[in-house]
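Below is one structure, written out as structure tokens; the observations come after it.
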């Protein structure tokens, strides 16, 4: 027998889909985790933390997270330029979700 509810359902209308759209990708969760643990973080510090990430890739991910309202970018008027990144209130509210992912990983990392 067919499940009629799934025929009318659309994954992209769910909150789960929306959340994934904000944090999806190889580096966004890592950037958010870094800020969760160490904020404020400068660009070069984050690059060293993540390792093997190109300047352009890190910059693009930071811009997207900023556009989505999850991080703040603060530029200080000095030479050489100093830029720091922190979580916004919206970003901090996502920390609860990231904490749960971390808890699950700690509980299950040695399962297999």
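Read-outs: derived from the displayed coordinates by stated rules, not from any lab. The model shown is predicted, which means the values in this text are computed figures rather than measured ones. As a convention, Cβ positions derive from the backbone with ideal geometry for all residues, glycine included, and neighbour counts pool all protein chains shown.
Assorted remarks:
- Between 0 and 90°, nearest 10: helix 28-38 axis offset from the chain longest Cα axis: 60
- Extended-chain gain in nm, criterion 0.36 nm per residue less alpha-carbon gap, residue 110 and residue 55: 16.4 nm
- Once the C-beta distance of residue 86 and residue 9 is scaled by a Förster radius of 35 Å, the resulting FRET efficiency is 0.40 to the nearest 0.05.
- Calculated Kirkwood radius over Cα pairs in Å (choose from (1) 17.0; (2) 14.3; (3) 16.0), label: (3)
- Computed FRET value (nearest 0.05) for residue 73 with residue 102, which takes r as the C-beta separation and R₀ as 25 Å: 0.50
- Per-residue [θ]222 nm for the chain (sum of -39500 (n - 2.57) over DSSP H runs n ≥ 4, rounded to 500): -18000 deg cm²/dmol
- The length gained on full extension between residue 18 and residue 63, counted as 0.36 nm times the residue separation minus their Cα-Cα distance, comes to 14.4 nm.
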